[in-house]
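Structure, as structure tokens:
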Amino acid sequence: MSHPRRSTPEETLVEAKKRLSLPRIVVICGSTRFMAEMTEADVRETEAGRIVVKPGCDMKSPHALWSDPVEAEALKARLDELHRAKIRLADEVLVIGDYIGDSTRAEIAYARSLEKPVRFTHPEVDPDS
């Protein structure tokens, strides 16, 4: 007797979002040097009816939370892990800007490994094109 295949956690999440009739969730990725562009993309994506998640900390701007270099390094690692969770949650990725650094390149590869669609504001910087 064959047993029904168990759903993966990702499949369960997709099904739950469908049952809840949630709008598409888009995660914004890119260098925080493009924070202003990310904010504008957030407005446009929200107006289009999508739920937007994006980086919440711009570590390139001064802030007490990352003024200490040791604490900043630990925070960056936690934020990278948090952003991977945002990618897992999202239905698609929107990469902002005309520059792709190592972190963004890794996020794109991670999203594609999860078979998430990836859009670019500047398609010419797609590392896989």
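For the stretch 44-54, how many residues meet the condition of being surrounded by 11 or more Cβ atoms within 10 Å (Cβ to Cβ) and part of a helix (DSSP H, G or I)? Explain how you work it out, then say what you get.
Quick first cut of the stretch 44-54, residues surrounded by 11 or more Cβ atoms within 10 Å (Cβ to Cβ) only: 44-46, 48, 50-54.
This time we only want the ones that are part of a helix (DSSP H, G or I), so: 44-46.
Matching residues across the stretch 44-54 total 3.
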(request) Would you point out the residue of the stretch 105-129, among those that are in contact (Cβ under 8 Å) with a residue 40 or more places away in the chain and in a helix (DSSP H, G or I), that is most open to solvent (accessible area, probe 1.4 Å)? (result) GLU107
(message) Any residue at all in the stretch 55-70 that's more than 16 Å from LYS116 (Cβ to Cβ), in contact with a Leu (Cβ under 7 Å, 6 or more places away or on another chain) and not in a helix (DSSP H, G or I)?
(response) yes
(message) Kindly evaluate ALA64 against the criterion of being at pLDDT 95 or above, loosely packed, with under 14 Cβ neighbours inside 10 Å and over 13 Å from the mean Cα position of the chain (by Cα).
(response) no
(message) I'm trying to understand the selection: among the residues of the stretch 4-29, which are in contact (Cβ under 8 Å) with a residue 40 or more places away in the chain and of a type in the set (Lys, Arg)?
(response) LYS17, ARG24
(request) State yes or no: is ASP102 surrounded by 13 or more Cβ atoms within 10 Å (Cβ to Cβ) and acidic (Asp, Glu)? (result) no
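Among LYS54, LYS60, which is at negative phi, touching a Ser or Thr at 6+ places or on another chain (Cβ under 6 Å) and without any contact (Cβ under 8 Å) to a residue 60 or more places away in the chain? Steps first, answer last, please.
Working: LYS54 fails: touching a Ser or Thr at 6+ places or on another chain (Cβ under 6 Å).
One residue alone meets the criteria, LYS60.
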(request) Could you pull out the residue among ARG78, ARG84, ARG33 that is open to solvent by less than 90 Å² (accessible area, probe 1.4 Å), out of contact with any strand residue (DSSP E or B) (no Cβ under 8 Å at 6 or more places or on another chain), of a type in the set (D, E, K, R) and closer than 19 Å to ILE108 by Cα? (result) ARG84
(message) Residue pairs, Cβ under 7 Å, 6 or more apart or interchain, first in the stretch 68-80 and among the hydrophobic types (A, V, I, L, M, F, W, C), second part of a helix (DSSP H, G or I) and open to solvent by less than 60 Å² (accessible area, probe 1.4 Å). List them.
(response) ALA72/TRP66; LEU75/TRP66
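The values are calculated or read from the model by the stated rules, or taken from the named source; none is laboratory data. These numbers come from a predicted model, not from an experiment. Virtual Cβ from ideal backbone geometry, glycine too; neighbours counted across all protein chains shown. The area values use the complete protein model at the heavy-atom level, side chains included, leaving out ligands, DNA and RNA. Shrake-Rupley method; radii C 1.70, N 1.55, O 1.52, S 1.80 Å.
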